[in-house]
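Asker: For reference, the structure I am asking about is given below.
The values are calculated or read from the model by the stated rules, or taken from the named source; none is laboratory data. All figures in this text were calculated on a predicted structure; none of them were measured in a lab. Don't worry about glycine lacking a Cβ; one is built from the backbone with ideal geometry, like all the others, and counts go over all protein chains shown.
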Amino acid sequence: MFLAGNEFCRRLLRWYLTNRRDLPWRIPLGRQILRDDAPDPYHVLVSEAMLQQTQVATVIPYFNRFIQRLPTLPALAAAKEEAVLRLWQGLGYYSRARNLRRCAIAVMNDHAGQLPDDPAELLKLPGIGRYTAGAIASIAFGKRAPILDGNVARVICRLDKIPADPRDKAISELLWARAAEIMPRRGSMGDFNSALMELGATVCTPRNPKCLVCPVQKHCEAFAAGMQESIPLRRKAKKTPLLKRWTFCIRRGDRWLIEQRPPKGRWAGMWQFVTRESNDVELLPVRVSRPRELAMIEHALTHRRYEFRAMQCGAIDSNGDGTWVTLKQLDRYPMSRPHVKLAEILRAVVP
Ligand code: SF4
């Protein structure tokens, strides 16, 4: 195990303060970082929720728009779930958005609107796991709380020359312990944790790590052994199941029939064109004219892939329940990415 002393921390922090990316949830690059200066806890909370499973470059415009529309935690707590989902539309993994709103409500109710600074208290809030609790406590409140995300796990595996898969339970526990151990005794805990993540994201990358410019190369046991490319161990990718769905874009005049998904499960509570597991038109909520093929939309998630075969048809009944909206009105409804794509196709092809 590498020795993480003052020299290691100094090198890492010096590198971070001059090389960090200017991100909207951090203190701006041009501003001199003062003692006890820290980013807005609400900004840290929102950015950490968005950054789970999503790349920084994708998150930036979503974060800016979210903060512009819901600038404070009370504003988020007071927002309707649909409005929050609408702001999240396209980012995926929508339970993050629902949990973020539930978290804001819990903070308003149980903590007088102030995010707690204690990781144990943060962990009790909806949607906040061990990593996010550590990130908020250290980055927003300067607490000596460790974090371990994919980037930090890879960096520590290499520094310590651990030739294992960081997702294995025992290895993950070991890495959490090391993430706590290597933190400095004093100084900015938020900068230290951010520096480790930044190093993993920009220098100690999964493939072709840039060891020659790495600020902590001198401390790295994997580099010393020439093993940086083979650490950490990569799990073989499993083939993900393919789920086939039929989507019916049903038109009546200038309106289209949409439906809301159940309150639990994937894309919970979001809206979509009528989607079924079979192409049996008898199962549709209205009688329709003969459907014709419109598009095939593929969508890959972490553990499964979807294929939506989209059909276009007209409603024969003039009455019938359901939500009928124009293509313009669709903008008000939160929809999953495949259905947003479908709406774009309809806008392009429908006169
Ligand atoms: Fe990663 Fe290479 Fe730096 Fe080691 S020397 S921490 S492998 S970039």
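Asker: Please find, within segment 231-241, the residue that is surrounded by the fewest Cβ atoms within 10 Å (Cβ to Cβ) out of those that are more than 10 Å from the ligand (Cβ to nearest atom) and of a type in the set (A, V, I, L, M, F, W, C). Lay out the reasoning, then the answer.
Answerer: The initial filter retains those residues of segment 231-241 that are more than 10 Å from the ligand (Cβ to nearest atom), namely 232-241.
Pick out the ones that are also of a type in the set (A, V, I, L, M, F, W, C) and you get 233, 237.
Details: L233: 14, A237: 6.
Once the filter is applied, the top-ranked residue is A237.
Asker: Can you find a residue that is at pLDDT 95 or above and within 13 Å of the ligand (Cβ to nearest atom) anywhere in segment 185-194?
Answerer: No, there is no match, as no residue in segment 185-194 is at pLDDT 95 or above and within 13 Å of the ligand (Cβ to nearest atom).
Asker: Further, regarding this structure: Quick check on segment 36-71: of everything there that is charged (D, E, K, R) and not in a helix (DSSP H, G or I), which residue is surrounded by the most Cβ atoms within 10 Å (Cβ to Cβ)?
Answerer: Residues of segment 36-71 charged (D, E, K, R): 36-37, 40, 48, 65, 69.
Still in the list and also not in a helix (DSSP H, G or I): 36-37, 40.
On the way: D36: 7, D37: 12, D40: 17.
Among those that are charged (D, E, K, R) and not in a helix (DSSP H, G or I), it is D40.
Asker: Run K244 past the list (1) surrounded by fewer than 13 Cβ atoms within 10 Å (Cβ to Cβ); (2) within 22 Å of the chain's Cα centre (by Cα) and report the number of the one that doesn't hold.
Answerer: (2)
Asker: Right, something else. If S95 satisfies all but one of (1) over 25 Å from R234 (Cβ atoms); (2) touching a helix residue (DSSP H, G or I) at 6+ places or on another chain (Cβ under 9 Å), what's the number of the condition it fails?
Answerer: (2)
Asker: Can you name every residue in segment 128-172 that is of a type in the set (K, R), in a loop (DSSP other than H, G, I, E, B) and either outside the structural domain of C220 (by TED's automatic domain parsing) or within 14 Å of the ligand (Cβ to nearest atom) (or both)? If you could, list the steps in order and put the result at the bottom.
Answerer: Of all residues in segment 128-172, those of a type in the set (K, R) come to 130, 143-144, 154, 158, 161, 167, 169.
Of the ones still in play, those that are also in a loop (DSSP other than H, G, I, E, B) are 143-144, 161, 167.
The answer is K161, and nothing else.
Asker: So is V274 over 28 Å from R304 (Cα atoms) and surrounded by 19 or more Cβ atoms within 10 Å (Cβ to Cβ) or not?
Answerer: So V274 does not fit the description; no.
Asker: Considering (1) crowded, with 18+ Cβ neighbours inside 10 Å; (2) under 24 Å from W88 (Cβ atoms), say which one V288 fails and leave the rest.
Answerer: (2)
Asker: Give segment 277-293 a look and list any residue that's basic (K, R) and within 16 Å of F308 (Cα to Cα), or say none.
Answerer: R292, the sole residue that qualifies.
Asker: Can you confirm whether E293 is assigned to a helix (DSSP H, G or I) and either without any contact (Cβ under 8 Å) to a residue 24 or more places away in the chain or over 16 Å from I345 (Cα atoms) (or both)?
Answerer: On the way: assigned to a helix (DSSP H, G or I): no; either without any contact (Cβ under 8 Å) to a residue 24 or more places away in the chain or over 16 Å from I345 (Cα atoms) (or both): yes.
For E293, the condition - assigned to a helix (DSSP H, G or I) and either without any contact (Cβ under 8 Å) to a residue 24 or more places away in the chain or over 16 Å from I345 (Cα atoms) (or both) - is not met.
Asker: Oh, and also: How many residues does segment 173-185 hold that are under 13 Å from C9 (Cα atoms), in contact (Cβ under 8 Å) with a residue 60 or more places away in the chain and assigned to a helix (DSSP H, G or I)?
Answerer: Result for segment 173-185: 1.
Asker: What are the residue pairs meeting all of these: first residue in segment 214-230, first residue within 8 Å of the ligand (Cβ to nearest atom), second residue among the polar types (S, T, N, Q), Cβ atoms under 6 Å, and 6 or more apart or on different chains?
Answerer: Taking only residues 6 or more apart or on different chains, the pairs are A222/Q228; F223/Q217.
Asker: Follow-up question, since we're still on this one. Of the residues P74, P116, which single one is more than 30 Å from R332 (Cα to Cα), more than 16 Å from the ligand (Cβ to nearest atom) and modelled with pLDDT of 95 or more?
Answerer: Working: P74 fails: more than 30 Å from R332 (Cα to Cα).
Going through P74, P116 in turn, the sole match is P116.
Asker: Output the number of residues of segment 164-178 satisfying the condition of being among the hydrophobic types (A, V, I, L, M, F, W, C) and within 11 Å of P232 (Cβ to Cβ). Lay out the reasoning, then the answer.
Answerer: Here is the first cut: in segment 164-178, the residues among the hydrophobic types (A, V, I, L, M, F, W, C) are 164, 170-171, 174-177.
The next check asks that each one be within 11 Å of P232 (Cβ to Cβ); those that pass are 164, 171, 175.
Going through segment 164-178 one residue at a time, the tally reaches 3.
Asker: Something else now. Filter segment 186-213 down to the residues that are part of a loop (DSSP other than H, G, I, E, B) and touching a residue at least 40 places away in the same chain (Cβ under 8 Å), then identify the one that is nearest to R21 (Cα to Cα). First the steps, then the outcome.
Answerer: Just the residues of segment 186-213 that are part of a loop (DSSP other than H, G, I, E, B), to begin with: 186-188, 203-210.
Checking the rest, the ones that are also touching a residue at least 40 places away in the same chain (Cβ under 8 Å) come to 187-188, 204, 206, 209.
Details: G187: 20, S188: 17, C204: 15, P206: 19, P209: 18 Å.
Ranking the candidates gives C204 first.
Asker: Output yes when any residue across segment 317-325 is free of Cβ contacts under 8 Å to residues at least 24 places away in the same chain and either surrounded by 15 or more Cβ atoms within 10 Å (Cβ to Cβ) or in contact with a helix residue (DSSP H, G or I) (Cβ under 8 Å, 6 or more places away or on another chain) (or both), and no when none is. Step through it out loud before you land on a result.
Answerer: Start the filter on segment 317-325 by keeping residues that are free of Cβ contacts under 8 Å to residues at least 24 places away in the same chain, which leaves 319.
From the residues that got through so far, the ones that are either surrounded by 15 or more Cβ atoms within 10 Å (Cβ to Cβ) or in contact with a helix residue (DSSP H, G or I) (Cβ under 8 Å, 6 or more places away or on another chain) (or both) too are none.
Within segment 317-325, none of the residues are free of Cβ contacts under 8 Å to residues at least 24 places away in the same chain and either surrounded by 15 or more Cβ atoms within 10 Å (Cβ to Cβ) or in contact with a helix residue (DSSP H, G or I) (Cβ under 8 Å, 6 or more places away or on another chain) (or both).
Asker: Continuing with the same structure: Which condition does I105 not pass, out of (1) out of contact with any Leu (no Cβ under 8 Å at 6 or more places or on another chain); (2) more than 26 Å from R266 (Cβ to Cβ); (3) assigned to a helix (DSSP H, G or I); (4) in contact (Cβ under 8 Å) with a residue 24 or more places away in the chain, if it passes all the others?
Answerer: For I105, the exception is condition (2).
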